[in-house]
Amino acid sequence: MPGGRFAPIDPTKKQKVLDRVRLGTEPIAQIAREFGISDSTIHGWLEKKVSQAPDRVASELQRLRRENAELYEILGRFAVDAERTKKKNGGI
């Protein structure tokens, strides 16, 4: 196309490309050739996804920290109960 612009890539095709890339079993250049696009286009999509990720990553990190705290609390209760049981049974 004139001016260095290319036709937009069909979203379904883009998703298929990204799915193949995520598998990690083939080089990006090979996938690009098979789909008739440049590997720099794929790299651009990947960079864009990474730049959009911080908000999702931050919320996921927050969720995991809460879950971790809950698990430590549960584990702590089990440890205390185990210690009490041990003392009750004469250290056995």
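FYI, it's all coordinate maths here, none of it is from the lab. These figures come from a predicted structure and were not determined experimentally.
In the frame of its principal axes, the chain has Cα extents of 85, 27, 18 Å, reported largest first. Extension gain, Leu18 to Glu60: 0.36 nm times the residue separation minus the Cα-Cα distance gives 12.9 nm. Highest GNM mean-square fluctuation among Ile31, Ile74, Ile42, for the chain modelled with Cα contacts below 10 Å: Ile74.
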